[in-house]
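Since the structure comes first, as structure tokens, the remarks are kept for the end.
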Amino acid sequence: MQSYNQKKFHSFRADANALGGFLEEPFQKIIPTLAPVSLPAVGGFATARSEAFNLDDIISCSSAYTRVSGREHPANGLISILITSAVEGLNILEVVTAERIVAQVSMSIPNDKGPLKFSLAGSRFEGLRLAGRDTRLNLNAVLQQPDNGKSGHGSPLTWQDIQKAGRDQAKKLISSYQKRPDQDAYQWAQNRHGWMTSVPQPGDGGNVLCSLVDGVEDAGPNESCHIVEIPGFGRIFLGELRVSRNSVQLVMIRAELGCPVNGGATVSCVGGGGSGDG
């Protein structure tokens, strides 16, 4: 018989998809969401897989899979969640290609309603090419730390660490746009990231917008931190990360298509968190 002595209740949240979006031109069409998966609220394990996909030779991949899992550790009530999305053989209009892209977030949520801790270990770009050239990315060192320090490779990420990483990236990005002759571009960057440059007040919950990617090696004039603008194609956001005190979302590629083909697409998207009630 189930005990009535359980003091805490936890609802899991974990979702992943491999690819999805929409097209507006040259025709209106939904890009089907590939390998969508969601974790049951009580925890457990779920996975999904997609074989080769091709939408009118505009966007394609050779295969994709997603996986979510979550459990509560009975010894200490700690909640553990792992979310993974992998895409192989990506091709967007022959401009953005990659051999393999993996988004992975592992999270641990304490039983005292404290903020979650997380790790992005395993997230990576393999064989990424943008506009026909091999692209090597510089990843953010702070966000590469492990989630709980148990591995012995570093200390856990704190909320202050994440806020500082986002603030530093926002300042760097806005400064790079300020140097451009196009003031509209600078205003766009200011509107999108300016709110991240202010120092948060004590007790401020808030949200953080940052990126696993700090920059592109040998960056050109249209590449700023994790944002790459390709004339005649559109704008690419790499490793975009949104964090609150109880949730994380990582999108490895978000494409804003602004050429003869207009629309938006995401590649390897994972997110989740949880809530507890004493």
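The values are calculated or read from the model by the stated rules, or taken from the named source; none is laboratory data. In this text, all values refer to a predicted model and were calculated from it rather than measured experimentally. Backbone-built Cβ (ideal geometry, glycine too); neighbour counts: all protein chains shown.
Here are the numbers:
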quantity: Entirely in segment 173-278, the strands (runs of 3 or more DSSP E) that have 2 or more residues that are at pLDDT below 85 and either of a type in the set (A, V, I, L, M, F, W, C) or surrounded by fewer than 21 Cβ atoms within 10 Å (Cβ to Cβ) (or both); calculated: 262-277
quantity: Complete set of residues in segment 92-120 that are over 21 Å from T266 (Cβ atoms) and touching a residue at least 60 places away in the same chain (Cβ under 8 Å); calculated: I109, N111, K113, P115, L116
quantity: Members of segment 41-91 found to be without any contact (Cβ under 8 Å) to a residue 12 or more places away in the chain and more than 30 Å from L130 (Cα to Cα), listed by number; calculated: H73, P74, A75
quantity: Of all residues making up segment 24-58, the number that are buried (at least 18 other Cβ atoms within 10 Å of the Cβ), aliphatic (A, V, I, L, M) and closer than 22 Å to L250 by Cα; calculated: 6
quantity: Subset tally (residues that are assigned to a loop (DSSP other than H, G, I, E, B) and of a type in the set (G, A, S)) for segment 26-58; calculated: 4
quantity: Hits in segment 120-139 (condition: closer than 13 Å to L212 by Cβ and of a type in the set (S, T, N, Q)); calculated: S123, N138
